[in-house]
Every structure is written in C-alpha cells, then in structure tokens.
C-alpha cells in the first residue's frame, strides 16, 4: 500500500513532468501541502525524493525550485544511463521467467498500439510500467535503484517533445518495443543491442530539439 509520501511524490512528479510546474518556478512546502491536501511531513519526504531525482532543488529561505533543463547535465546522465540500461536489459533477458517474458511481450504490444492511436499520457504510463517491471526482472536492486532517478528526467523531455517531434518519438517507442521483445526472447546480446539503439535514438531527440551542448 502506498504511503502519503508515495502519493505526494507521484502527484508532484507528474506535475513536473507535464510542466504544470515550470522549470525555474519556485513553490513552497505549504502551497504543496494545501494543494494536495496532504500534511507537511509526507510533503517534506516527497520533496527529498524529488531532489534525489534531480527534479527540484531546495533553496534555503526561498522555497523549492523546479530544476531547469540543462542539456550538458542531461548528456552526462545519459552516459551513465547507457551502461545501466544495457546491464539491466541483459540481466532481465537472462533471469526473467517464462511468465515474466510473456508480460514483456504484452507490454510491447500495448506500446505499439498506443504509439499508433494513443496519447502521450498513455505512452508515459506504459513506459513507467516497463521501467518498474524490468527493474524487478533484472534481479539487481542496486542497478535498478541507480537508474531510477535518471528516468524521471528522461520522461520529462520525452513528454515535452511527444507531439513536437512525432517521427523521432515513434522511433523511440519502436526501440522500447524492441528492448521488450529482445528481453522476452532471452537473447542477452540482442537485448544489449536493442538497449543501445534506444539510447542512440534518445540522443537524437535531444540533439534535434534542444541546444546541442556536447559533441
């Protein structure tokens, strides 16, 4: 069962990812507590988690600032993401049970349908479901915990460009499906390749739609 802090985190993360709180915006703990109808202690815990995910920064005597999108930091993060995503996909392909592999195939089918006729919110939901499931199936809680904060930033940029660059988004979604199916096949090398292809397309999205900070 989710705690009040979990609920607060989920709501606040969603608002940040969907730009209901804008980058650079200052918000107060009291405002968040009043807005969500949740006490200050759970809000404070949720804020700590958001700060660990690089989505907010606590500014002493000023409030809580929604972090700005700094592409030089995003590209540094993606270097780490590539290694972690590769490891998690490889281990999931190796250690997933037959029933778990069926779930990956179902996720891939759903992602394909959403890509063709669904919404950005639905795409984010299945993407998050996949991230949580593959984290469990890789049987390495340390790798999964290390990767999780970077996914929040990734979903933030993905959501902002979902309708602005539909061609690249479709390729990214296709790559997600390929990762899911590679894991379901049990082929570790194929899972690693599919993971690398996904990261390559994500980098293309960033380079095409945001200022290219790094060569």
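Answer yes or no as to whether residue 199 is in the same structural domain as residue 84 (by TED's automatic domain parsing), touching a residue at least 40 places away in the same chain (Cβ under 8 Å), within 18 Å of the chain's Cα centre (by Cα) and within 26 Å of residue 92 (Cα to Cα).
Yes, satisfied.
Testing residue 163 on (1) part of a helix (DSSP H, G or I); (2) closer than 20 Å to residue 14 by Cβ, one condition comes back false. Which one is that?
(1)
Regarding residue 143, is this residue surrounded by fewer than 19 Cβ atoms within 10 Å (Cβ to Cβ), at pLDDT below 95 and not assigned by TED's automatic domain parsing to the domain that holds residue 51?
When the stated conditions are applied, residue 143 does not pass them.
The values are calculated or read from the model by the stated rules, or taken from the named source; none is laboratory data. What you see is a predicted model; the values in this text were computed from it and never measured. Heads up, the Cβs are rebuilt from the backbone with ideal geometry, glycines too, and the neighbour counts pull from every protein chain shown.
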